[in-house]
Structure formats: structure tokens, C-alpha cells
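Have a look at the structure below before the remarks.
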């Protein structure tokens, strides 16, 4: 199916624990706002004001969303958030990690165009020198694969992507910078 924008729910995954960072990194000031504002604003530039957050988060983060989708599988990593989004929305979800400080609307549009070009793909994910599964679009056809892996406790998203029809979209690694440590905060 070649989705139009109304057939895709944009989501930002915000349920991580920020263990390597040492505190909630999504609340860190970056540019004119907080770190989490960047992926939210990037999705709004493409989809408008209908960006959902998935995952338990500080109220200062959840207040920035247009919609909150409950994470039905907390503590299982991004795969649990993606499954929660697919089940809740019953449509494709375009996923960005909450700690992306350099993602641009052009990268999101490239994923959408690649999805239109390959209507059989279960997942359309960014690729640098490796797969970037937290920057991608997941169709409902991916749900069985993802839910099976979740139920088997084999929650490595990379492995699941290799078992389904996945289209890889080359995106400049500089656009996919994420924040894991405090010294990573220099996003400019």
C-alpha cells in the first residue's frame, strides 16, 4: 500500500532510561528547546500537529506531544514501543528516537518516498554503516514479526528486521546523530 501522510502516525520513542547519560537526556537544553523537541518538530514539519509520544516520560516531555500512546511493553526497548504504536493506531507508524539531535524533515520525507516506492516492505529503515531501526516506518504487516520477537523475549530489533521484508534507505550518518553521553550534547 502506498500510504499518504494521513495513513501514517508519526511517533517519537521516549521511554528510554538514559543510563549512559546519567539523567533524563530528553530534558537537556539543545538549541531553542529541549533535546526531545528536535524529533517532534522534525515530524511536525512533515505531518503537522499530530505527533505522538510512546513511552513513560517526564510530564515536561509528555506536555510537548499532540498525542500520547501508552507503552504496553515498558522495559523492552524500542520494539515494545513500536508494537504499542502499531496496535494502538492500526496503521503504519513513522518512528524517530527521542534523542535525535540532527534529524531533518528531508530524511523523513525520504523514508516516506521509499515506502511509496516499495509497497511490499514491512519496514523501511534508515541505514548508515548499519541499520538504524529507530528511524523508520513500520507497517501493520510488521506487527506479527515484532510481536513474536517480543513474546519470545528476543527483543533485538536488528535481528527481527533481518527476518522480515525490510527496505534500507541510505541516510547521512550526520543526520542520525543521537545523544548517549553528556559529551555528545554538542549538536550544532
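The values are calculated or read from the model by the stated rules, or taken from the named source; none is laboratory data. Quick caveat, the model's predicted, so the values are computed rather than measured. Glycine also receives a Cβ, built like all others from the backbone with ideal geometry; neighbour counts cover every protein chain displayed.
Would you check which residues across region 72-100 are under 13 Å from the mean Cα position of the chain (by Cα) and in a loop (DSSP other than H, G, I, E, B) and list them?
First, the residues of region 72-100 that are under 13 Å from the mean Cα position of the chain (by Cα): 77-86, 92-100.
Those that are under 13 Å from the mean Cα position of the chain (by Cα) and in a loop (DSSP other than H, G, I, E, B): 77, 98, 99.
Looking at residue 135, is it within 17 Å of the chain's Cα centre (by Cα) and in a strand (DSSP E or B)?
yes
Collect the residues in region 101-126 that are in contact with a helix residue (DSSP H, G or I) (Cβ under 8 Å, 6 or more places away or on another chain) and part of a loop (DSSP other than H, G, I, E, B), keeping them in residue-number order.
Passing the criteria: 101, 102, 103, 104, 121, 122.
Do you know which of the residues in region 40-66 that are within 19 Å of residue 90 (Cα to Cα), touching a residue at least 40 places away in the same chain (Cβ under 8 Å) and not in a helix (DSSP H, G or I) is farthest from the chain's Cα centre (by Cα)?
Applying the filter and picking the extreme gives 50.
Quick one: residue 107 ticks every box in (1) without any contact (Cβ under 8 Å) to a residue 60 or more places away in the chain; (2) crowded, with 16+ Cβ neighbours inside 10 Å; (3) more than 23 Å from residue 143 (Cβ to Cβ) except a single one, so which number is it?
Result: residue 107 passes all but (1).
Mind checking which residues of region 114-139 are surrounded by fewer than 18 Cβ atoms within 10 Å (Cβ to Cβ) and either in contact with a strand residue (DSSP E or B) (Cβ under 6 Å, 6 or more places away or on another chain) or under 14 Å from residue 85 (Cβ atoms) (or both)?
From region 114-139, those surrounded by fewer than 18 Cβ atoms within 10 Å (Cβ to Cβ) are 116-120, 128-130; that's our starting set.
Listed by number, the list holds a single entry, 118.
Can you find, within region 1-39, the residue that is modelled with the highest pLDDT among those that are in a helix (DSSP H, G or I) and touching a strand residue (DSSP E or B) at 6+ places or on another chain (Cβ under 6 Å)?
The selected residue is 39.
Would you please name the residue that is modelled with the lowest pLDDT, looking only at residues in region 147-179 that are in a loop (DSSP other than H, G, I, E, B) and surrounded by 14 or more Cβ atoms within 10 Å (Cβ to Cβ)? Lay out the reasoning, then the answer.
Residues of region 147-179 in a loop (DSSP other than H, G, I, E, B): 152-156, 164-165, 171-172, 177, 179.
Next cut, surrounded by 14 or more Cβ atoms within 10 Å (Cβ to Cβ) only: 155, 164-165, 171, 177, 179.
Values: 155: 63, 164: 95, 165: 97, 171: 96, 177: 75, 179: 59.
Only one residue tops the list, namely 179.
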